[in-house]
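Before any comments, here is the structure.
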Amino acid sequence: MDYLLEALGIGISFPGVRALGRVDFRLRRGEIHALMGQNGAGKSTLLKILSGVYRPYEGRVLLRGQETRASSPTEAQRAGISTVHQELNLIPTLSVAENLFLGIQPLRAMRQIDWKKIHKEAEKVLSRLNLKIDVSEQLNSYSVAVQQLVAIARALLFSADVLILDEPTSSLDKEEVSNLFSVMRGLKADGLGIVFVTHFLDQMYEISDRATVLRNGELVGEFEVAKLSRIDLITAMVGEEVSARRAEEKFERRRVAASEPTPLLEVREATRFGAVAPFDLSFNRGEVLGFAGLLGSGRSEAARLIFGVDGLDRGEVRMDGHVIKLSSPHDAIAAGMGFCPEDRKTEGIIGALSVRENIILALQANRGIFNRLSRAEQENIAERFISSLSIKTPNGEQAVRNLSGGNQQKVIIARWLASNLRLLILDEPTRGIDVAAKTEIQKLILTLADEGLAVLFISSELDEVTRCCQRVAVWRDRRKIGELSGDDARVENIMETIARGREESGGENI
Amino acid sequence: MKKFALNIIRSPYFWSLVFLAALFAFNLAFTERFGVVEVKDGRLYGNIIDILRRSVPTMLLGTGMTLVIATGGIDLSVGAIIAVAGAIAALLARGNFHFMIIVLPPLLAAAVAGCWNGFLVAKAGIQPFVATLILMVSGRGVAQLLCGGQIIKFSHPAFEYLSAGYVFGLPFGLYLSAGVLLSVWLLTRRTALGLFIESVGINPVASRHVGISASRIKLLVYVFSGICAGMAGLVLTTEIRGADANNVGLNLELDAVLATVLGGTSMTGGKFYLAGSVVGALIIQTLTTTILARGVARPATLVVKAFVVILISLIQSPSFRAQVLRMGKAGEARA
């Protein structure tokens with residue numbers, strides 16, 4: 001069998017991490033091949049190797065049977081491998097035609113740019129994608145969907161054989177997605193090989209012929225999509241050993257707390273257009289509620305709504321039965337919430353401030369500018385949490401950016417524990433931290449719940465969710481599709497729920 | 001005491017302090033009568049007193065600018081606010097009103113100007129450079145309109161006390177800037193304001209997540225910078241007993257930025273050092289005085305200033321220091 005693109009035994013290591021190990025990937029002419037995997041599975045690493053960003057790597061990449069060693073994206077593009085990224089590599093303030101021909105502009109005599117030819121060629125290549133627009137208009141005057149097609153057209157100008165589309169549908173609406181898909185089908189008929197990365201399962205099933213699944217930097221397998229059931233796909237992505245691993249860990253599963261007459265916090269019909277479909281939720285004291293779902297399923301967006309980071313378009317949130325105003329995190333904090341965001345570095349820590357200052361910051365913000373905690377009080381609070389959460393730092397005056405990921409996470413948790421906390425929201429609190437610190441943080445969460453705190457725990461790792469939570473809300477395609485509690489909250493059930501989805505949802509983008 | 005010394009050595013304006021000391025040492029050795037302080041009619045006179053007195057406007061501006069820069073912003077409009085405040089004060093001073101009636105309206109106008117800057121930056125989300133550039137250009141126009149294109153002269157002894165007055169032998173302006181500095185220090189370090197300003201400057205997103213209202217903090221620092229500029233405007237106007245809308249406070253915004261940066265506050269925002277900004281302002285004025293005392297032509301002073309600034313910036317840059325260190329090691333290895 002002749003392959004258009006064949007990557008054999010690909011591996012690469014970064015300082016301290018084995019990012020990819022012995023991965024094979026084969027792309028045929030005229031096929032759409034999905035690359036699937038969870039966050040951190042190695043999809044982007046593989047794409048970056050194929051498109052010449054990362055070098056050197058182990059293994060070989062064969063393009064049309066010839067070994068290729070592209071050392072830059074430009075070289076890869078010349079060789080025939082073009083990538084269209086999620087963040088488009090186009091210049092918004094140049095015209096469509098200029099964007100298409102930037103760097104490859106045809107010249108007339110005296111090194112003058114042949115504008116006539118550029119405009120004609122631009123229209124021609126866009127018509128191949130069923131796109132009739134004024135190519136002299138500025139690129140950013142068109143929608144993201146059109147810009148995406150322009151990026152694809154630019155790839156075609158390089159006579160691409162291999163087209164890599166990295167999350168092309170994440171910001172498109174339903175109609176734009178189906179238009180993109182018809183373009184993809186057209187290119188497929190022309191004999192191109194298309195690598196398609198998405199986290200929308202329905203879209204993957206709609207358009208792809210084959211799928212290669214990666215997990216933890218390793219190849220799980222190549223599948224024919226027509227013969228691949230959803231549950232098998234999700235198992236391949238999430239891993240089946242999780243259930244086995246779970247049995248080894250000696251975490252005692254906690255009983256479901258007897259539900260109280262009024263929950264601590266109640267969310268009704270909370271909606272944000274384009275981010276989360278309406279959902280209901282309730283939080284109880286002493287209970288850990290989990291959010292499970294794949295990347296982009298809406299779980300983080302829902303958490304941001306509850307904490308007031310993004311405003312509610314519709315719906316309400318009640319604390320102790322009373323509706324609360326939620327126009328900023330400040331309101332949520334005043335009501336007793338705390339939030340450890342997914343991106344610790346850019347949204348959580350204040351890097352240049354000391355551990356002490358980071359810990360007392362939320363409490364101080366709640367007390368206001370003039371009610372300053374004295375230095376002695378600050379040091380007391382900091383010392384208390386440094387020892388009770390065993391935060392590893394030489395002293396409280398260390399800048400928090402110098403701490404390891406796990407310890408930074410503890411500092412953020414300490415920040416909330418120091419204020420009048422009633423509901424703690426943790427978005428991927430254990431991502432990117434080592435195994436020992438992970439277990440420590442999980443234990444900490446359970447202890448806090450035992451002390452009466454309500455906890456919202458969001459994680460991509462299903463075994464972690466099932467281990468720590470009494471109740472699990474399952475998310476897919478930006479909606480809450482189910483809730484499992486007690487003994488039903490098992491990894492298999494969650495995977496099945498995600499796979500089944502909601503009948504009418506059909507993977508639409510809201 | 002030992003801890004205090006250690007803190008100074010570790011502070012980001014340590015090298016500026018060293019440079020200032022070196023500048024003084026140079027002058028004491030080579031500039032005639034530099035260190036001499038005379039007493040006439042119970043007032044102190046001399047080069048050093050002169051340097052202190054002349055650096056008052058830069059210190060005032062630098063105090064406000066330090067807080068603005070700490071939030072990751074910049075205020076280019078302070079020079080223009082000086083002109084506006086000066087024009088209003090001069091017009092009122094001609095009317096022979098009470099001191100307070102001359103002083104309060106300009107300060108109020110300066111606060112309104114700062115409020116406008118703060119609104120553009122914090123609420124409208126315009127980049128600070130552009131937002132304050134608007135007033136930098138239009139402010140001087142407003143001042144000229146107020147003055148009717150003329151230099152407005154006045155004579156009002158009570159008002160002139162701002163620059164001509166002496167208290168316990170020292171110029172009144174020194175007490176003014178010391179008072180402002182002290183109250184800002186108290187306001188930022190004895191309340192949580194300083195912490196919030198630094199937090200917003202370092203990471204605005206994370207600050208919002210802990211419940212700090214970044215827009216309120218930003219609004220506040222621009223208003224404050226405006227008021228500081230208003231005060232500097234009053235001092236400068238009384239010095240020449242007139243409002244010169246075209247020239248008063250010209251390019252002073254850049255001196256204020258320079259003083260702040262020499263003082264160790266980073267242009268990217270974050271930790272700020274009020275004492276450092278004072279050192280920066282003193283360096284700028286001492287340098288000017290030194291160059292003039294050495295008989296260098298006035299236009300050349302700017303060139304000399306530029307070299308000194310490059311020098312201090314390089315010494316303070318951690319990456320430059322690391323590079324020099326590496327080159328030194330490479331040299332050793334070769335030898």
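The values are calculated or read from the model by the stated rules, or taken from the named source; none is laboratory data. Just so you know, these numbers come straight off a predicted model, no measurement behind them. No Cβ is skipped: glycine too gets one built from the backbone with ideal geometry, and neighbour counts run over all protein chains shown. Ligands, DNA and RNA are excluded from the accessible area calculation, which covers all protein heavy atoms including side chains. Shrake-Rupley method; radii C 1.70, N 1.55, O 1.52, S 1.80 Å.
Here B:Y45 meets the list (1) hydroxyl-bearing (S, T, Y); (2) over 30 Å from B:A122 (Cα atoms); (3) touching a residue at least 40 places away in the same chain (Cβ under 8 Å) almost entirely, failing just condition (3). Once segment A:364-378 is narrowed to residues that are facing chain B (nearest Cβ under 9 Å), open to solvent by less than 60 Å² (accessible area, probe 1.4 Å) and not hydrophobic (A, V, I, L, M, F, W, C), the residue that is nearest to A:K392 (Cα to Cα) is A:Q364. Going by the structure shown, is A:I386 over 30 Å from the mean Cα position of the chain (by Cα) and more than 24 Å from A:R467 (Cβ to Cβ)? Taking the combined requirement at face value, the residue satisfies it. Listed by position, the helices (runs of 4 or more DSSP H) enclosed by segment B:1-76 that each have at least 1 residues that are surrounded by 14 or more Cβ atoms within 10 Å (Cβ to Cβ) and over 15 Å from the mean Cα position of the chain (by Cα) are B:14-30, B:47-54. Of all residues in segment A:342-363, those being more than 27 Å from A:E301 (Cα to Cα) and at the interface with chain B (Cβ under 8 Å from one of its Cβ atoms) number 3.
Within segment A:51-72, the residues that satisfy the criterion of being of a type in the set (A, V, I, L, M) and open to solvent by less than 30 Å² (accessible area, probe 1.4 Å) are A:V61, A:L62, A:L63, A:A70. Taking the criterion of being hydroxyl-bearing (S, T, Y) and within 12 Å of another protein chain (Cβ to nearest Cβ), the residues of segment B:266-285 that qualify are B:S266, B:T268.
Is it the case, given these coordinates, that B:V221 is without any contact (Cβ under 8 Å) to a residue 24 or more places away in the chain and within 21 Å of the chain's Cα centre (by Cα)? Considered against the rule, which asks whether it is without any contact (Cβ under 8 Å) to a residue 24 or more places away in the chain and within 21 Å of the chain's Cα centre (by Cα), B:V221 comes out as no.
Each residue in segment B:263-313 was checked for being closer than 17 Å to B:F24 by Cβ and exposed (fewer than 13 other Cβ atoms within 10 Å of the Cβ), and 2 pass.
Applying the set (1) within 19 Å of the chain's Cα centre (by Cα); (2) under 26 Å from A:A399 (Cβ atoms) to B:T191 leaves exactly one unmet item: (1).
Report whether or not A:R422 is more than 14 Å from every other protein chain (Cβ to nearest Cβ), open to solvent by 10 Å² or more (accessible area, probe 1.4 Å) and closer than 30 Å to A:E316 by Cβ. Don't jump to the end; show me each part of the working.
Details: more than 14 Å from every other protein chain (Cβ to nearest Cβ): yes; open to solvent by 10 Å² or more (accessible area, probe 1.4 Å): yes; closer than 30 Å to A:E316 by Cβ: yes.
Judged against the criteria, A:R422 is a match.
Scanning segment B:193-206 for residues that are out of contact with any Asp or Glu (no Cβ under 9 Å at 6 or more places or on another chain), surrounded by fewer than 23 Cβ atoms within 10 Å (Cβ to Cβ) and at the interface with another protein chain (Cβ under 7 Å from one of its Cβ atoms) gives a single hit, B:L193. Return yes or no: is A:I391 without any contact (Cβ under 8 Å) to a residue 40 or more places away in the chain and open to solvent by 20 Å² or more (accessible area, probe 1.4 Å)? For A:I391, the condition - without any contact (Cβ under 8 Å) to a residue 40 or more places away in the chain and open to solvent by 20 Å² or more (accessible area, probe 1.4 Å) - is not met. If the condition is being touching a Ser or Thr at 6+ places or on another chain (Cβ under 8 Å), modelled with pLDDT of 90 or more and of a type in the set (A, V, I, L, M), then segment B:163-182 contributes B:V180, B:L181.
Please specify each residue of segment A:210-227 satisfying the condition of being surrounded by 17 or more Cβ atoms within 10 Å (Cβ to Cβ) and at pLDDT 90 or above. Reasoning before the result, please.
Pass one, segment A:210-227, residues surrounded by 17 or more Cβ atoms within 10 Å (Cβ to Cβ): A:210-215, A:217, A:219-220, A:223, A:225.
Listed by number, the residues that qualify are A:R210, A:A211, A:T212, A:V213, A:L214, A:L219, A:V220, A:F223, A:V225.
The residues in segment A:394-416 that are assigned to a helix (DSSP H, G or I) and free of Cβ contacts under 8 Å to residues at least 40 places away in the same chain can be counted, and the count is 4.
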